[in-house]
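S.K.: Below is a structure I'd like to ask you about.
The values are calculated or read from the model by the stated rules, or taken from the named source; none is laboratory data. This one's a predicted model, so the numbers in the text were calculated from it and none came from an experiment. Here Cβ is always computed from backbone atoms with ideal geometry, including for glycine, and neighbour counts include all displayed protein chains. Please note that ligands, DNA and RNA were not included when accessible areas were found on the heavy atoms of the full protein model with its side chains. Shrake-Rupley method; radii C 1.70, N 1.55, O 1.52, S 1.80 Å.
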Amino acid sequence: MKHHQSPLISPVLGTHRNIDSFHFGTPNSGKKIYIQASLHADELPGMLVAWKLKQQLITLEEQGHIQGEIVLVPMANPIGQNQHLMDVHLGRYELESGQNFNRDYFDTFEEVVSRVENNLSDDPEKNKKLIRLVLHEAMQSWNVETEIHSQQKILQSLSCDADIIIDMHCDFEAVQHVYSTYYSWDSIAPLAHYLNSKAHLLADETGGKPFDSAFDMVWKRLQDRFGDIIPKACQSVTLELRGQADVYHKESDRDAKALINYLRHLNIVTDQPADTLTTDAIPATDLAAVEPLKSNMGGVLVHCVDIGENVVTGQLIAEVINPITDEIQQIRSSQPGLLFSRSLRRTATAGMLVAHVAGEKTIRSGYLLAP
């Protein structure tokens, strides 16, 4: 194992932060897998999983059972790790700019097109090597001036040539679920199986430029433009490891085991065969069919359905109660589906996101991500 420290821009005197990355296996000896945790710094289940995964990878490498390269970043957001206000961890947005730590990543597509379109051949493998070289160069040429942009640049530079990108998050209160793209889903579905994921939410265009689609969508757009001479060279996924409070050894052991099984499935880890996959297709939901349920007033939030329940059209999901005026807002689902996440808060504000239901009908378009 090699431990690298990549320094961020220091925003003020007396402060200094690094991205710590742990590198297993041998570069350019097979597939490259990139795994990171806690990009939203207050989402800690993935950080515990990453630590447990690191211990297993150390042993596997010592035994000669890693074929390829694995890059692990257990704490992807040192900026957000240090954002606390009166005992509350504020890890989703940078306090300086208000930017969501998982939005607005650098889009390399136009630069890559301009630099490769006259140099592509009929050999997909040669094109893959060329494009990855250009992606590296594009990332290095990004002139960043702020700490958060330097953090983004480091994370993207570490992952830009990966075959598989795994970004570990969690929701507020939730069952295990994943976000991916239709482009990546065939490679990601086995991981969803090993994780026993309950909802699989897919979209090739979500808006917001999140980390997980920063590179798989570049490859898709290149393939759309140039055809089959562009290989499918990068697939990615966001894992939502249940809820923020679900930081337990039992669950993290299970998640780490699932990731090891997936690495075996990819023939990156070679100590033993991966557990057998089911032959049944894993159902997926279009992200545009996910219904965000919101409050339209302030008050006490009372959840009426447990996470993981299948709901029917018109079912009462939650109530918002104003104890002064006795007004009650009843929040109901507009279609059947799985209630896969809900708010951790019990005080509602007007316009607040209360819960998500993975439905069957497309009901949204445009920007599909949470704030």
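S.K.: Where the Cα atoms of region 215-371 are projected onto their three principal axes, how long is each span, largest first, in whole Å?
M.R.: On the principal axes, region 215-371 reaches 63, 44, 27 Å in Cα extent.
S.K.: Okay, moving on. Around ARG17, which amide H atoms from residues at least 5 apart in sequence, or from another chain, sit under 5 Å from its own amide H, with H modelled in the peptide plane?
M.R.: LEU8
S.K.: Would you mind listing how long region 265-326 runs along its three principal axes, going by Cα atoms, in whole Å with the largest first?
M.R.: Extents along the principal axes: 64, 25, 19 Å.
S.K.: Let me check I have the definition right: for region 135-199, take the eigenvalues of the Cα gyration tensor, multiply each by 5, take square roots. What are those semi-axes in whole Å, largest first? Could you put the intermediate results ahead of the total?
M.R.: Values: eigenvalues 170, 53, 12 Å².
Its equivalent ellipsoid spans semi-axes of 29, 16, 8 Å.
S.K.: Of the accessible area of region 28-154, with the probe set at 1.4 angstrom, what percent is carbon plus sulfur?
M.R.: Values: 2890 of 5870 Å².
In region 28-154, the share of accessible area belonging to carbon and sulfur is 49 percent.
S.K.: Please compute the Kirkwood hydrodynamic radius of region 250-300 from all pairs of different C-alpha atoms, in Å with one decimal.
M.R.: 14.9 Å
S.K.: Which whole-percent values make up P(r) of region 202-258 when all C-alpha to C-alpha distances are grouped in 5 Å steps starting at zero?
M.R.: Calculated P(r), rounded to whole percents: 4, 15, 20, 15, 13, 13, 9, 6, 4, 1.
S.K.: Stokes-Einstein D for region 87-221 at 10 °C, 1.306 mPa s, Kirkwood Rh over Cα pairs, in µm²/s? Numbers along the way, then the final one.
M.R.: Details: Rh = 16.7 Å.
It comes out at roughly 95 µm²/s.
S.K.: Ordered by packing density, taken as the mean number of other Cβ atoms within 10 Å over each peptide's residues, highest first, how do 253-262, 17-26, 159-168, 294-303 rank?
M.R.: Numbers: 253-262: 20.7, 17-26: 18.6, 159-168: 25.1, 294-303: 16.4.
Result, highest mean Cβ count within 10 Å first: 159-168, 253-262, 17-26, 294-303.
S.K.: Treating the chain as a set of equal point scatterers at the Cα positions, no solvent, please give the Debye-formula log₁₀ I(q)/I(0) at q = 0.06, 0.07, 0.11, 0.12 Å⁻¹.
M.R.: After summing over all Cα pairs, the log10 values are -0.24, -0.32, -0.80, -0.95.
S.K.: Next up: Roughly speaking, what is the centre-to-centre gap between region 114-129 and region 290-327 when only Cα atoms are used, to the nearest Å?
M.R.: Using only Cα atoms to place each centre, the spacing works out to 53 Å.
S.K.: Dividing the Cα convex hull volume of region 32-162 by residue count, how many Å³ per residue is that?
M.R.: Details: hull volume 15.8 nm³, N = 131.
Cα-based convex hull of region 32-162, divided per residue, equals 121 Å³.
S.K.: Still on this structure: Pop out the carbon and sulfur fraction of the accessible area of region 258-357 as a percent, whole number, probe 1.4 Å.
M.R.: Working: 2410 of 4720 Å².
Carbon and sulfur atoms account for 51 percent of the accessible area of region 258-357.
S.K.: Right, here's the next one. Specify the angular offset, from 0 to 90 degrees and rounded to the nearest 10, of the alpha carbon long axis of helix 124-141 from the longest principal axis of the alpha carbons in the chain.
M.R.: The helix 124-141 is inclined about 70 degrees to the chain.
S.K.: So what J values fall out for region 330-346 if you push phi through Karplus, 6.51 cos²θ - 1.76 cosθ + 1.60 with θ = phi - 60°, rounded to Hz, Gly and Pro as x?
M.R.: Each residue's phi maps through the Karplus curve to give 9, 9, 10, 6, 8, 7, x, x, 9, 7, 9, 8, 7, 5, 7, 6, 10 Hz.
S.K.: Using the heavy atoms of the protein chains alone and a 1.4 angstrom probe, what is the accessible area of region 20-125 per residue in square angstrom?
M.R.: Numbers: 4760 Å² over 106 residues.
Averaged over the residues of region 20-125, the accessible area is 45 Å².
S.K.: Each label point is 7 Å from the Cα along the Cα-to-Cβ direction; what then is the distance between the points at ASN196 and ILE229, in nm?
M.R.: 4.8 nm
S.K.: In bins 10 Å wide, starting from 0, what share of all Cα pairs of region 1-76 does each bin hold, as a percent?
M.R.: Bin by bin from 0 Å, the calculated values are 19, 44, 27, 9, 1.
S.K.: OK, next. Quick one: of LYS209/LYS232; LYS54/LYS209; LYS32/LYS232, which pairs are farther than 18 Å apart, Cα to Cα?
M.R.: Working: LYS209/LYS232 20 Å; LYS54/LYS209 28 Å; LYS32/LYS232 14 Å.
Check vs 18 Å cut-off fails for LYS209/LYS232; LYS54/LYS209.
S.K.: For q values of 0.16, 0.19 Å⁻¹, compute log₁₀ I(q)/I(0) with the Debye formula on a Cα-only model of region 170-265, without solvent.
M.R.: So the normalised log intensities work out to -0.71, -0.93.
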